[in-house]
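For reference, the structure is listed below as structure tokens.
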Amino acid sequence: MLKGKTALVTGSTSGIGLGIAQALAAQGANVLLNGFGDAQGAQAQVAAAGQAHGIAVDYHGADMSRPDEIEAMMTFGAQRFGRIDILVNNAGIQHVAKVEDFPVDKWDAILAINLSSAFHTTRLALPAMQAANWGRIINVASVHGLVASAQKSAYVAAKHGIVGLTKVTALENATTGVTCNAICPGWVLTPLVQKQVDAKAQAQGISIDDATRQLLGEKEPSQQFTTPEELGALAVFFCSAAANNVRGVAWNMDGGWAAQ
């Protein structure tokens, strides 16, 4: 379905971003990865997902808190692939503390990486998408773009901002072939979340299963994790012709979290 298209997925060396990159590659898209960690391993996994289509996979290690490095990544992507057709803004970090105790440097970093980076990639990707009259911008927000949780002020503020940016971008391109939508997951079983489960189990002397039920029971009525594969399938839908008129939505895949 996406043969000949190129996708840039930020924060894609593991977890949600890697799952989305693999799903797009499986539909024939070339992929530009970004993020910290095992870049070579991620490239190999994405290449394997798109092997049947002979896709190209590359990597750029831009620090998403730095606008100059984001600009360099976008220039690299355009030179390497011609243009970015599908932009997935997924890069994000987290810190937990009460507002009065929240470190200022952590606030600044979370806003820069979780929100401002999406503005910079979007502003740089839009001209080529508009010229081609086709593009897909998918912002990975969170259920925290719709509701709040205590001690997550910067994250919640950034994710609410991402939902707002999504709506404005969609409206400004509403009469074109460029769409912009947000995905709002609840708990997703990534390596980072698995570490939280393991830590909870160890701290309380309970089983992994009990720790999982306790973690999910606090917020997620379905009592099950969303998977990166499920989020990847939703991203593929947003790129399909069936989603040509899906514009500016914040699509929560959260097991009923926001429905409460």
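Tabulated results
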| read-out | value |
| --- | --- |
| Accessible area of region 162-260 belonging to carbon and sulfur atoms, whole % at 1.4 Å probe | 56 |
| Those aspartates and glutamates that a straight Cα-Cα span of less than 16 Å connects to residue 5, excepting residues fewer than 8 apart in one chain | 58, 85 |
| Residues whose placed amide H lies under 5 Å from that of residue 187, excluding near-sequence neighbours | 226 |
| Degrees between helix 191-204 axis and first principal axis of the chain (Cα, 0 to 90, nearest 10) | 0 |
| Quotient of Cα Rg and 2.2 N^0.38 Å for region 99-242, N being how many residues it contains | 1.22 |
| Over region 10-122: Kirkwood hydrodynamic radius from C-alpha pairwise inverse distances, Å | 14.7 |
| Area of residue 65 that stays accessible when all protein chains are in place (1.4 Å probe, Å², to 10) | 50 |
| Area projected by the alpha carbon convex hull of the chain, averaged over all directions, nm² | 13.8 |
| Segment residue 109-residue 192, extension gain: residue separation times 0.36 nm, minus the distance between their alpha carbons | 28.0 nm |
| Table column - 3J(HN,Hα) (Hz), region 36-49, Karplus curve with 6.51, -1.76, 1.60, x for Gly and Pro | 9, x, 7, 5, 5, x, 5, 4, 5, 5, 5, 4, 5, 5 |
| Approximate spin-label separation residue 241-residue 199, in nm, with each point projected 7 Å along Cα-to-Cβ | 4.8 |
| Theoretical ellipticity at 222 nm over the chain - DSSP helices of four or more residues, -39500 (n - 2.57) apiece, nearest 500 | -14500 deg cm²/dmol |
| Residues whose placed amide H lies under 5 Å from that of residue 139, excluding near-sequence neighbours | 89, 181, 182, 183 |
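The values are calculated or read from the model by the stated rules, or taken from the named source; none is laboratory data. Because the structure is predicted, anything quoted here is derived from the model rather than measured. Cβ atoms come from the backbone with ideal geometry, glycine included; neighbour counts cover every protein chain shown. Note: areas computed on protein heavy atoms with side chains; ligands, DNA, RNA excluded. Shrake-Rupley method; radii C 1.70, N 1.55, O 1.52, S 1.80 Å.
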